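To start, the structure under review is shown below, and the notes come after it.
Every number in this text was worked out from the coordinates using simple rules, so none of it is lab data. Here the structure is a predicted model, which is why all the values come from computation and not from measurement. Cβ placement follows ideal geometry from the backbone for every residue including glycine, while neighbour counts extend to all protein chains displayed.
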Amino acid sequence: MPPVPDCYRDPACAARIALIGESFARLLGRPLVEVAGDPVAALWCAPQVIVAHGTEADPVFFFGNAAALAAFETTVQAFTALPSRLSAEPALREARAAFMARVTRDGFADDYSGWRVSQKGRRFLIEGGVVWNLVDSAGAPHGQAATFSL
């Protein structure tokens, strides 16, 4: 497993990444990953894909773990500059947007499925994924995250 990228070690970024696991546990009542000390390393090394985007008008990914970078065939730098809507094929973006609106309304959904496309153009299917809102302990929104296995 490659080491955690330096950009994920920035204190503000690390706190935002830790919120991925914290929000999952708060909303779903179970841990996303087992954390023995460093939540950023635990999320980075998890065997399942874990991604998260912010709250921008056109949300951009701010985190993709090692499994996500492999699935999307990309680098940390490219992935964290990618608007999340572009991870879906053009014909499927409307359905993805409707699903994400449902997650915003309900807090999470555990029936995520759909085709995605890697940076190299390879299509892959997501089934049984979980998508949830990133919300801090005060209830402030920070984006959305997803996890799935391939």
Label-point separation in nm, Leu125 to Ala101, each point 7 Å along Cα→Cβ: 2.7 nm
query: Taking square-rooted eigenvalues a ≥ b ≥ c of the alpha carbon gyration tensor, is the stretch 1-72 rounded, prolate or oblate, where a/c under 1.5 means rounded and, failing that, a/b exceeding b/c means prolate?
result: rounded
field: Distant-in-sequence amide H partners of Leu82 (H built 1.01 Å from N, under 5 Å)
entry: Phe61
- prompt: What full-extension length gain, to one decimal in nm, is calculated for Ala18 and Glu56 as 0.36 nm per residue of separation minus the Cα-Cα distance?
  reply: 11.8 nm
- request: State the answer as a single residue: which of Gly129, Gln119, Thr147 lies farthest towards the positive end of the charge dipole of the stretch 102-150, with beta carbon charges of +1 for Lys and Arg and -1 for Asp and Glu, about the Cα centre.
  value: Gln119
query: With +1 on each Lys and Arg Cβ and -1 on each Asp and Glu Cβ, how big is the dipole of the chain about its Cα centre, in debye rounded to the nearest 20?
result: 300 debye
task: Would you kindly derive the ³J(HN,Hα) couplings of the stretch 32-43 from the backbone phi angles with the Karplus curve 6.51 cos²θ - 1.76 cosθ + 1.60 (θ = phi - 60°), listing them in order in whole Hz, with x for Gly and Pro?
output: 6, 9, 7, 10, 10, x, 9, x, 5, 5, 4, 5
field: Of the trypsin sites (Lys or Arg not before Pro) in the stretch 9-57, those whose Cβ has at most 15 other Cβ within 10 Å and which sit in DSSP loop
entry: Arg9
